[in-house]
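Heads up: the structure comes next, in structure tokens.
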Amino acid sequence: MPETISLIVNGVQVRMPVGSMVSAAVLTAGQTLFRRSVTGEPRGPLCGMGICFECRVTIDGEAHCRSCQTLCHDGMDVRTDG
Amino acid sequence: MSSPVYDVVIIGGGIVGAACAAECAAAGLQVAIVEAKMIGGGATAAGMGHLTVMDDSAAQFALTRYSQLLWQEVKDELPREVEYDACGTIWVAADDDEMQEVLRKQEFYSARGVEVEVLDAHAVAEAEPQLRPGLAGGLRVAGDSVIYPPCAAQFFVHRAVSRRARLFVGKAVQEITADGVRLRDGSVISAGVIVNAAGSWSPMLTAGLQVQKRKGHLVITDRYPRFLRHQLVELGYLKSAHTLTAESVAFNIQPRRTGQLLIGSSRQFEVDDAKVEAGILSRMLSRAIEFLPGLGALSSLRAWTGFRAATPDKLPLIGPDVEHRRLYLATGHEGLGITTSMGTAKLLVDQIVGRRPAIPVEPYLPARMAGAELAHA
Amino acid sequence: MDRVRRECDVLVVGAGPAGLAAAYRAAKAGRRVVVIDDNPDAGGQIWRGEQREPRSPEAQVWFERLRSVDLQLISGARVFQQSGPRMLLAETSDGNVCELIFESLVLATGARERFLPFPGWTLPNVMGAGGLQALLKNGLPIDGKKIVIAGSGPLLLAVAGYLRWHGAEVLLIAEQATSMRLARFGVGLVGHGGKTSQVFALRRELKGVRYLTDCWVVAANGEQKLERVTLQRAGKRWTVSCDYLACGFHLVPNLELAELLGCEIADGAVRVDEFQKTSVKHVYAAGEATGIGGLELSLVEGEIAGFATAGVQEEARRLFPERAKQRRFADLLNRTFALRDELKTLATPETIVCRCEDVVFDRLRAHDSWRAAKLQTRCGMGPCQGRICGSAVEFLFGWKSESVRPPILPVRVGSLLATSRHKNHEDL
């Protein structure tokens, strides 16, 4: 089994160790804005454990996935808000 | 006998009571508002928040149309948190029978100056791409809007208070007396006129009132900004609202400015418990998914319930009580309390001060119930 | 939609130390055990990532024990509703619904960090202390990054040690507790053998890191993300540039499921008897949910609950003295890290309190109850369902959380259909 996997964050390829969460991949890609709040503020992970919902991103077309609670898979397509 | 402290005491700080208070105060009356729990906390907190015209009867149309025009006049003054959104409504027709109903509605509304547009199968799919294929069409009512009702109730209360209305929050009324109300804490508020605007609690204060509790469920989703543009209602909605069976559901969904979707609707008689019931919630959501197949995959954040105040003839009670000399009623709005709160307030104050009402008040007079009872006797 | 039905003798909700301990003891005594947890892997927060490769000695012991018994672990699943007296519904990571039928239930739902609002706390790269640690365990590269750790609680020290070990530069730790309280804590630790050696180990790890008591963050600043924080201590303020702020104010129990089931709550925790039984028949609770107390207490409570569900009262009793000892430590802990009143004044009128709905402090303080505030501002009506802002408003205004309604975590609309299908199935 490969030690790293490759996924795409906002169109950019990122390599992460197996067992990493999508949130770490997004931050590794240099992206600190995960979502925009209702008034347009930039937001990123707060609690790291699936409770704050600030880490939500779109994964393989599905919106509002908690990236802190989602394991990276090979070929995943991750999109943050702009 | 002591002289009244207030001209009017209004029981109930929901959107109807609050609108009445604002209108009373605007007419120069000294108003007291008594709310047992919190402003907008009853059916107002469980309303879909639509401002719509309804055509199921001439009287219903008159009141909703009148009210809608009043909302148009005030909309620019509404604070941001009222979330006024002129998204319009599409009545969805599933088959040709329902399309006939669409055409009937179009004739009815057009004849009365309400801007509507018939959508064929192609047009309704274009207007709302998330609707399932195979629908017959729909009717778009561009002048309909949605709001967030609890903040609208608060807006009306502020208006009243800015004209020296007095607010008693967290105070429950124990009984309506000859010249006012006695609160549960024993204190008394005297007034020239008492208004029972207590919604589904109104029969507890006025015995014999033909108002029944009708439970409803709602669900709200997370933000999906491009999912829906208009409020959607199925044409079967009126069947559900008019049925006398114990429980029914009808598809109704509304976009919020944030992109959240508010899903309804359900109706149950003879249920007192406010807890969320999985069975009817499931039926309601299944119905919604039939129209919007993509809804099933969306994230839902909350489910809650509320109790509408329903009368036997689907029209609210606005006017003097038949027994108590000083009592007026402003209750029984079923699913239209948000829209008709403004029209109700006008008609109520018209009757209290003796102004000429803009529309006939006869269909909403409490006295009509007494007449009907006598007719049956 | 696929619906999976799982029957068991003991259902354990939460795969952290308490849950795993309870599951192990129940399974070893021959019960059919299912453990369900929202995280992708078992271990809860303190053992996050250790199911794959255990690092701490305790984790190694317990994960090995787990492998030695027969039980079922369902990860990535969120319990959202109760569908019968002995039935819970959970949404699994593939979007399906799992129906869990049990004889006994052990609630090991753990705790979450308490966050208090201050200007700039919503900036990206401002995280909880446990939050940043969790992200690091989840794969965040931290080598060479500058970190300020702030808030309150022993977690700050543990996080500081962990961050340093991974190559981060911990600039300072700002602990709001007074030095007097902490001195008493140090003295108090003397009666807790193991703890004192832990503390000394930590102090060695943290040699050279400034640990400031009576100190807290008053603001975080930056353009699109955190760039610097302003701290206050003894009336003086100063600013520090950094990459991350790890700020959390101790822990609060996760009570939503217990409340949904009708368990009695006392002093912000699930009330349990000597066998970890709650006020609801056949429902037990163990770990941080019964009161914040650390790893050892969670483990012993979990074991007692596990023994109790298996009817092995005697084995449970043997652990009572250890639990009592750990509870004394827990009391000392919670007294030491109580929050000071100055923290109530950090938020300015424009500071966001509810992050889901962007409700600012000024709008909230116009109300006199949580219910009225929620209704009028929509605070607490977002996806976190009041978990983040709720702890904050309880501290700021004294408002208590209300009764919960299902779903107790966001789930797909389709998952709310599950029960009606179940009913049809029963009718057949």
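Read-outs: derived from the displayed coordinates by stated rules, not from any lab. Computed from a predicted structure; not experimentally measured. Because the Cβ atoms are built from the backbone with ideal geometry, glycine has one as well, and the counts that use them run over all protein chains shown.
By the count of neighbouring beta-carbon atoms within 10 Å, fewest first, C:Ser403, B:Ser190 end up ordered C:Ser403, B:Ser190. Under the combined filter of DSSP loop state and at most 16 neighbouring Cβ atoms within 10 Å, region B:86-150 retains these trypsin sites (Lys or Arg not before Pro): B:Arg112. Take every DSSP beta bridge with both residues inside the protein assembly as shown and express the antiparallel ones as a percent of the total, to the nearest 5. The answer is about 60 percent antiparallel.
For the peptide B:219-225, the mean number of other protein chain Cβ atoms found within 10 angstrom of a residue's Cβ is 4. Approximating the spin labels as points 7 Å out from Cα along Cα→Cβ, the C:Ala338-to-B:Glu323 distance works out to 5.6 nm. Can you check what the net charge comes to around C:Arg412, using other residues whose Cβ is under 12 Å from the Cβ of C:Arg412 (Lys, Arg +1; Asp, Glu -1)? In short, -3. Under a 5 Å amide H cut-off, with hydrogens placed 1.01 Å from N, C:Cys242 pairs with C:Arg228, C:Val229 among residues at least 5 apart or on other chains.
Working note: 222 nm ellipticity from helices only, DSSP H runs with n ≥ 4, each -39,500 (n - 2.57), summed and divided by the residues of chain C, gives -10000 deg cm²/dmol to the nearest 500. Put in line by how crowded their Cβ is, counting other Cβ atoms within 10 Å and starting with the fewest, C:Tyr162, C:Tyr284, C:Tyr24 read C:Tyr162, C:Tyr24, C:Tyr284. With angles folded into 0 to 90 degrees, how steeply does helix B:96-111 sit against the dominant principal axis of chain B? Use alpha carbons for both and round to 10. Once rounded, one gets 50 degrees. Using 0.36 nm per residue and subtracting the Cα-Cα separation, the extra length available between C:Arg3 and C:Lys146 on full extension is 46.7 nm. Each of B:Asp313, C:Asp358 was scored by other Cβ atoms within 10 Å of its Cβ. Listed from fewest to most, they are B:Asp313, C:Asp358. Database remark: amide H of B:Val195 closer than 5 angstrom to the amide H of B:Val9, B:Ile10, B:Ile11, B:Tyr328 (H placed geometrically; neighbours at sequence offset of 5 or more, or on other chains; Pro and chain starts carry no H). As a calculated quantity, the FRET efficiency between B:Asp76 and C:Glu274 at R0 = 51 Å, using C-beta atoms, amounts to about 0.20. Cross-link check: pairs C:Lys137/C:Lys281; C:Lys28/C:Lys400; B:Lys105/B:Lys275; C:Lys195/C:Lys374; C:Lys325/C:Lys374; C:Lys28/C:Lys195 evaluated at a Cα-Cα cut-off of 31 Å; pairs beyond the cut-off: C:Lys137/C:Lys281; C:Lys28/C:Lys400; B:Lys105/B:Lys275; C:Lys195/C:Lys374; C:Lys325/C:Lys374.
Selection among B:Val181, B:Ala123, B:Trp91 by position relative to the dipole of chain B gives B:Val181 as farthest towards the positive end (Cβ unit charges, Cα centre).
Take every DSSP beta bridge with both residues inside chain B and express the antiparallel ones as a percent of the total, to the nearest 5. Percent antiparallel among DSSP bridges in chain B is about 70. Charging the Cβ of each Asp and Glu at -1 and of each Lys and Arg at +1, and nothing else, the dipole of region B:82-138 about its Cα centre rounds to 120 debye. Considering only B:Ser265, B:Leu70, C:Ile36, and ranking their Cα positions along the charge dipole of the protein assembly as shown that arises from unit charges at the beta-carbon of Lys, Arg, Asp and Glu, the one farthest toward the positive end is C:Ile36. Among the GluC sites (Glu not before Pro) within region B:262-322, which fall in a DSSP loop and have no more than 11 other Cβ atoms within 10 Å of their own Cβ? When the GluC sites (Glu not before Pro) of region B:262-322 are filtered for loop state and at most 11 Cβ neighbours within 10 Å, B:Glu270 remain. Counts of other chain beta carbons within 10 angstrom of each beta carbon in peptide A:66-76 average 3. Straight-line cross-link reach from C:Lys236 at under 19 Å between alpha-carbon atoms covers these lysines, not counting any fewer than eight positions away in the same chain: C:Lys344. If a spin label sat at a point 7 angstrom from the Cα of C:Thr178 along the line to its beta carbon, the backbone N atoms of region C:318-346 nearer than 18 Å would be those of C:332-345. For the pair C:Glu58 and B:Val161, label points projected 7 Å from Cα toward Cβ lie 5.1 nm apart. Charged side chains reduced to their Cβ positions (Lys and Arg at +1, Asp and Glu at -1) give chain A a dipole of some 220 debye around its Cα centre. In order along region C:98-110, the phi-based Karplus estimate (6.51 cos²θ - 1.76 cosθ + 1.60, θ = phi - 60°) of 3J(HN,Hα) comes to 10, 9, 10, 10, 9, 8, 10, 10, 10, 8, 10, 7, x Hz; Gly and Pro are listed as x.
Taking every residue in B:285-297 and counting other chain Cβ atoms within 10 Å of its Cβ, the average works out to 3. Each Cα pair under 8 Å and six or more residues apart adds its sequence gap; the mean of these over the residue count of region C:341-397 is a relative contact order of 30 percent.
As a rough guide to protection, the peptides B:10-21, B:300-311 ranked by mean Cβ packing within 10 Å, highest first, stand as B:10-21, B:300-311. Under a model in which nothing but the beta-carbon of Lys, Arg (+1) and Asp, Glu (-1) is charged, chain B shows a dipole of about 1100 debye around its Cα centre.
Between the residues B:Pro316, B:Pro203, B:Val31, the greatest Cα displacement towards the positive end of the dipole of chain B, with unit charges on the Cβ of Lys, Arg, Asp and Glu, is found for B:Val31.
By DSSP, what percent of the beta bridges with both residues in region C:115-249 are antiparallel, rounded to the nearest 5?
Values: 12 of 29 bridges.
The answer is about 40 percent antiparallel.
Taking 4.7 Å between beta carbons as the limit, the unpaired Cys residues of chain C are C:Cys8, C:Cys98, C:Cys215, C:Cys242, C:Cys247, C:Cys263, C:Cys356, C:Cys384.
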